[in-house]
1. Output yes when any residue across the range 79-89 is part of a helix (DSSP H, G or I) and either of a type in the set (G, A, S) or surrounded by 20 or more Cβ atoms within 10 Å (Cβ to Cβ) (or both), and no when none is.
2. Given (1) out of contact with any Leu (no Cβ under 7 Å at 6 or more places or on another chain); (2) in a loop (DSSP other than H, G, I, E, B); (3) open to solvent by less than 30 Å² (accessible area, probe 1.4 Å); (4) within 22 Å of A218 (Cβ to Cβ), identify the lone condition not met by L159.
3. Among (1) under 20 Å from A177 (Cβ atoms); (2) crowded, with 17+ Cβ neighbours inside 10 Å; (3) out of contact with any Leu (no Cβ under 6 Å at 6 or more places or on another chain), there is one condition I73 misses while meeting the rest; what is its number?
4. I need the full set of residues from the range 270-300 which are assigned to a loop (DSSP other than H, G, I, E, B) and in contact with a Phe, Trp or Tyr (Cβ under 7 Å, 6 or more places away or on another chain), in order please.
5. Among (1) open to solvent by 60 Å² or more (accessible area, probe 1.4 Å); (2) under 23 Å from the mean Cα position of the chain (by Cα), which single condition is P304 missing?
6. Answer yes or no: is there a residue in the range 33-52 that is at positive phi, touching a helix residue (DSSP H, G or I) at 6+ places or on another chain (Cβ under 6 Å) and not hydrophobic (A, V, I, L, M, F, W, C).
7. Mind telling me which of the residues E259, E264, E323, E316 ends up being under 30 Å from R193 (Cβ atoms) and at pLDDT below 95?
8. Please go through (1) farther than 25 Å from I219 by Cα; (2) in contact (Cβ under 8 Å) with a residue 24 or more places away in the chain; (3) outside any helix (DSSP H, G or I) for I151 and return the number of the only condition it doesn't satisfy.
Amino acid sequence: MQASHLTGLSQAELSDFVAVLGEPAYRARQIFAGIQARRLRSFEDLTDLPKELREKLSEHATISTLTLESRYISTDGTRRYLFKTYDNRPVETVFIPEERRDTICFSSQSGCPLQCTFCLTAQLGLLRNLTAGEIVEQIIVVLNDAYGVGIKTPRGTNLVGMGAGEPFLNFAELIKAIRIMKEPNGLHIVPNRITVSTAGIVPRIRELATIQDRPHLAISLAAPNDKLRNELMPINKKWPIEDLMSACKTFEKSLKRGERFTFEYVMLDGVNDSDEQARQLGNLLHRYRLRAKVNLIPHNTADPLPYQPSPIDRVEAFQEILESKGVQAFIRRPRGRDILAACGQLAARKSVNHTAELL
C-alpha cells in the first residue's frame, strides 16, 4: 500500500491527517505551506517542523512520488519532462516560456483511452488515471526547475490541462488538484488562469457548468460534421456533435460577462481544412449562437501518424472564412515540435530530434 501522498491533500484533509498522528492543527498549515508555497519535496527540508515530527511523517507519508527520467529543451525554449510514477507509469509535462507569462501543460492520465487518430498519445492507450497529488506535483517540479525551489514566478503562471489523457475522464481528481493549487497560502494559481481541454465528455461539460471555482473550458472539435468526427475522434459516436453543442449551450449560460470558451481545431492537410469545411464549421457555431472562439492548430506530425499539417496559406484561408461568418478564429503557433512536446505528440518517447538538448 502506498503511503499517503501529502501533495494531493487539501488543508482540511491534512488537518485530519496530523490529528491522527496526535499533532496540533497548526502543523497541517505548516506542512501545506511547505509543500505548496515553498514547493519542497522532502520532509528533511521542512525545517520549521521538529525533527521527531519529520521522522514520523516519513514513516506514514510521502511528498514526492514522481521520478524525473528525462528533461528535453527545444530550440524555442520549450521544455518537456518525462516522469515515472511510483508504479512505473509515464507522465509528461511541458513548460512553455513566453514574454508576458509562462504556461505549464500538465497531464491528467498516463496514456489516453480515446483513440483520436491524429494524436500520438492514443498509441499508448490508457495506463491509469493520475491522482490529484500527481497532477499538483507536476506543477511543483516544473516551477522549481524553471525558477528554483520556492522562488516566486516573475510573470505569473498559466496552466493548461492539455497533456496526456482526457481530463474529464478523471474529473474528480482534476477538480481536487485545481482547488489545492488555488489556495492563497499555497501555489495560488487561481482557476481563472487554468484552461482544461476535453474531447467532448458531455456529462462532465454539463457538470462543469455548475461549479463556481472552475477552470476555463476548451473543446477539441477537429471536424464540422459527425461523419468526419466519427473517423477522427471515436468518442463522437457516443456523444455526437448535436449532443456536444447542446452541452456547450448549457455551459455558455454559466459564463460571466465577457467570458468565452474555446474550440480547438487541429488542421489536417486535405482532411478537414477545405473551404467547404470552414463554412460548415462557421454555420455550426452560428446555428447554436455560441459565445466561443476557435483556435486553429496545424497538426504536429509524428510517426506513425498518417497526417500532415495544413499549409499556412490553407490555415489562413480557413480562418478568413470563419471570420467572415462572425467567428473569432486564431492560429496557434506550435511550440516544442523538435522535442515531441507539441500538442498531440506526448507519447513518453525518449528519442528526439538532434536539435533538442537532453539534460
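The values are calculated or read from the model by the stated rules, or taken from the named source; none is laboratory data. In this text the structure is predicted, and so the values were computed from the model without any measurement. Glycine also receives a Cβ, built like all others from the backbone with ideal geometry; neighbour counts cover every protein chain displayed. Each accessible area value is taken on the protein alone, full model and side chains, heavy atoms only, with ligands, DNA and RNA left out. Shrake-Rupley method; radii C 1.70, N 1.55, O 1.52, S 1.80 Å.
1. Going residue by residue through the range 79-89, those that are part of a helix (DSSP H, G or I) are none.
No; the residues of the range 79-89 include none that is part of a helix (DSSP H, G or I) and either of a type in the set (G, A, S) or surrounded by 20 or more Cβ atoms within 10 Å (Cβ to Cβ) (or both).
2. Result: L159 passes all but (2).
3. Of (1) under 20 Å from A177 (Cβ atoms); (2) crowded, with 17+ Cβ neighbours inside 10 Å; (3) out of contact with any Leu (no Cβ under 6 Å at 6 or more places or on another chain), only one is false for I73: (1).
4. The answer is V271, D273, H299.
5. Evaluating P304 over (1) open to solvent by 60 Å² or more (accessible area, probe 1.4 Å); (2) under 23 Å from the mean Cα position of the chain (by Cα) leaves (2) as the failure.
6. Pass one, the range 33-52, residues at positive phi: 39.
Of the ones still in play, those that are also touching a helix residue (DSSP H, G or I) at 6+ places or on another chain (Cβ under 6 Å) are 39.
Subset that is not hydrophobic (A, V, I, L, M, F, W, C): 39.
Scanning the range 33-52 turns up at least one residue that is at positive phi, touching a helix residue (DSSP H, G or I) at 6+ places or on another chain (Cβ under 6 Å) and not hydrophobic (A, V, I, L, M, F, W, C).
7. Details: E264 fails: at pLDDT below 95; E323 fails: at pLDDT below 95; E316 fails: at pLDDT below 95.
E259 is the lone residue from the list that is under 30 Å from R193 (Cβ atoms) and at pLDDT below 95.
8. So I151 meets the others, but not (2).
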